[in-house]
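Input: a single structure, listed below in structure tokens.
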Amino acid sequence: MQGIYAPESRQECIRADGPSWRRGQQAALALSDHIGRATVRCEPRDHDRHGRVLAICFTGTGDLDRWMVANCWVMTNRRYWLDDIAGGVRAKSDTLGIWSGSFEIPREWRARGAVA
């Protein structure tokens, strides 16, 4: 999806009030629950440096990128985010979703070879 990224599904994060958890996996599950059985429509907009298609995706309830940012499950990627990033800044300060503890920035986690 264009403009957002989440921790990797295998990336463990430290919860402020307890054991570690897989934040990326939780983000994916939250998105799946939000979509339910709705049809998803994606509009290709660009390609990343790896040649992958970047798209804005929608359901009948609206823009899924915006939903993920508003519900604190992703970080905005300023290189591709075409809109106001205030939602992403608010999400970080709310300590909800992925911001409810400490974690390594996904690109840094991948750069040190943590992906299996």
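Starting from the 7 Å offset along Cα-to-Cβ, what nm value, one decimal, do you get for the label separation of ARG22 and LEU96?
Going by the 7 Å Cα→Cβ label model, 2.4 nm.
Take LEU29 and HIS50, extend 7 Å from each Cα along the Cα→Cβ direction, and tell me the distance between the two endpoints in nm.
2.4 nm
We did not get these values from a lab; they are worked out from the coordinates using the rules stated. What you are looking at is a predicted structure, and each value in this text was computed from that prediction instead of being measured. For neighbour counting, all protein chains shown are included, and Cβ atoms are generated from backbone atoms with ideal geometry for every residue, glycine included.
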